[in-house]
Amino acid sequence: MVLRESKLVSIDFKNAHFNLADPLGNMFSRQDLMGEKGLLIVFTCNHCPYAVALWDRLIDLANRVAPRGVKTVAINPNINPDYPSDSPENMKTLIETKKLPFPYLVDSDQAVARLYEAQCTPDIYLLNTSFDCVYHGRFDDNWKDPKAVQSHDLSDAIESLISDLKISNSFPSMGCSIKWNE
């Protein structure tokens, strides 16, 4: 496990379109996934301890904000033979076991992760309906222990987005490095 932090990105999110499939072959585009208020994009995987620790919190958050206009999508860029637990077959198992309320997509050639300049799992992006990135950072201030969380950074950012308020701070996300296929 190599710890990485997300980095400031310099991409044009308005043009960062994607069309990806889930492990069952269902196609999703960024435009189709956009909610009435925004879209939460999380680059994540099955094996990274940082990502694993956030799955239940992410599901809870997605369930709370979807009715309020913010949809969620998870994207797995770790389709790498050295990490079989991240395979599409194992993604199917996670989708079924966790009863994911949002799509979990396969970025098999890692093109979307590269386009978004994602660095780690999880790497989190919150887009408004104009496809501007209004938040890029951590989920909260304690990836290990949900009971010890003091700062609900992503949830606060989503609340600001929903309320049309300015989003103030963001702290880098941290997690395992993406397993790039060179």
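In the list Asn90, Asn80, which residue meets the criterion of being assigned to a loop (DSSP other than H, G, I, E, B) and either surrounded by 15 or more Cβ atoms within 10 Å (Cβ to Cβ) or at pLDDT 95 or above (or both)?
Details: Asn90 fails: assigned to a loop (DSSP other than H, G, I, E, B).
The match here is Asn80.
Scan region 158-168 and give yes if some residue there is in contact (Cβ under 8 Å) with a residue 40 or more places away in the chain, at positive phi, out of contact with any helix residue (DSSP H, G or I) (no Cβ under 9 Å at 6 or more places or on another chain) and surrounded by fewer than 19 Cβ atoms within 10 Å (Cβ to Cβ), otherwise no.
Checked region 158-168: no residue is in contact (Cβ under 8 Å) with a residue 40 or more places away in the chain, at positive phi, out of contact with any helix residue (DSSP H, G or I) (no Cβ under 9 Å at 6 or more places or on another chain) and surrounded by fewer than 19 Cβ atoms within 10 Å (Cβ to Cβ).
Quick test of your reading of the structure: Phe171 fulfils all but one of (1) modelled with pLDDT of 95 or more; (2) within 23 Å of Pro49 (Cβ to Cβ); (3) of a type outside the set (Lys, Arg). Name the failing condition by number.
Unmet for Phe171, out of (1) modelled with pLDDT of 95 or more; (2) within 23 Å of Pro49 (Cβ to Cβ); (3) of a type outside the set (Lys, Arg): (1).
Just to be sure before I move on: is Phe171 closer than 29 Å to Leu24 by Cα and either part of a loop (DSSP other than H, G, I, E, B) or aliphatic (A, V, I, L, M) (or both) in the structure I sent?
In short, no.
What residue, among those in region 1-25 that are part of a strand (DSSP E or B), surrounded by fewer than 17 Cβ atoms within 10 Å (Cβ to Cβ) and not acidic (Asp, Glu), is modelled with the lowest pLDDT?
Among them, the one singled out is Leu3.
In this structure, is Ser155 out of contact with any Asp or Glu (no Cβ under 9 Å at 6 or more places or on another chain) and either at pLDDT 95 or above or in a loop (DSSP other than H, G, I, E, B) (or both)?
Here the answer is no, as Ser155 does not meet what is asked.
Could you check, for region 95-109, whether at least one of its residues is assigned to a helix (DSSP H, G or I) and hydroxyl-bearing (Ser, Thr, Tyr)?
yes
For Thr97, which of the numbered conditions (1) among the polar types (S, T, N, Q); (2) surrounded by 17 or more Cβ atoms within 10 Å (Cβ to Cβ); (3) without any contact (Cβ under 8 Å) to a residue 24 or more places away in the chain fails to hold?
With (1) among the polar types (S, T, N, Q); (2) surrounded by 17 or more Cβ atoms within 10 Å (Cβ to Cβ); (3) without any contact (Cβ under 8 Å) to a residue 24 or more places away in the chain applied to Thr97, the lone miss is (2).
Looking at Phe28, Phe43, which one is of a type in the set (Phe, Trp, Tyr), in contact with a helix residue (DSSP H, G or I) (Cβ under 7 Å, 6 or more places away or on another chain) and at pLDDT 95 or above?
Criteria check complete, one pass: Phe43.
Got a number for residues in region 29-55 being assigned to a strand (DSSP E or B) and surrounded by 18 or more Cβ atoms within 10 Å (Cβ to Cβ)?
Number of matching residues: 6.
Filter region 78-110 down to residues that are within 17 Å of the chain's Cα centre (by Cα) and among the aromatic types (Phe, Trp, Tyr) and give me whichever is farthest from Leu40 (Cα to Cα).
Tyr104
Regarding region 106-113, can at least one residue be identified that is at pLDDT 95 or above, within 18 Å of Asp32 (Cα to Cα) and in contact with a helix residue (DSSP H, G or I) (Cβ under 6 Å, 6 or more places away or on another chain)?
So far as region 106-113 goes, yes, one or more of its residues are at pLDDT 95 or above, within 18 Å of Asp32 (Cα to Cα) and in contact with a helix residue (DSSP H, G or I) (Cβ under 6 Å, 6 or more places away or on another chain).
Could you grab me the full set of residues in region 56-77 that are closer than 15 Å to Asp140 by Cα, touching a helix residue (DSSP H, G or I) at 6+ places or on another chain (Cβ under 8 Å) and buried (at least 17 other Cβ atoms within 10 Å of the Cβ)?
Just the residues of region 56-77 that are closer than 15 Å to Asp140 by Cα, to begin with: 56-62.
Pick out the ones that are also touching a helix residue (DSSP H, G or I) at 6+ places or on another chain (Cβ under 8 Å) and you get 56-57, 59, 61.
Those that are closer than 15 Å to Asp140 by Cα, touching a helix residue (DSSP H, G or I) at 6+ places or on another chain (Cβ under 8 Å) and buried (at least 17 other Cβ atoms within 10 Å of the Cβ): Arg57, Ile59, Leu61.
Looking for whichever is buried (at least 18 other Cβ atoms within 10 Å of the Cβ), polar (S, T, N, Q) and under 17 Å from the mean Cα position of the chain (by Cα) here; the options are Ser177, Ser173. Which one fits?
Of Ser177, Ser173, the one residue that is buried (at least 18 other Cβ atoms within 10 Å of the Cβ), polar (S, T, N, Q) and under 17 Å from the mean Cα position of the chain (by Cα) is Ser173.
The values are calculated or read from the model by the stated rules, or taken from the named source; none is laboratory data. Every value quoted in this text rests on a predicted model; they were computed, and no experiment measured them. We place every Cβ from the backbone using ideal geometry, glycine too, and count neighbours over all the protein chains shown.
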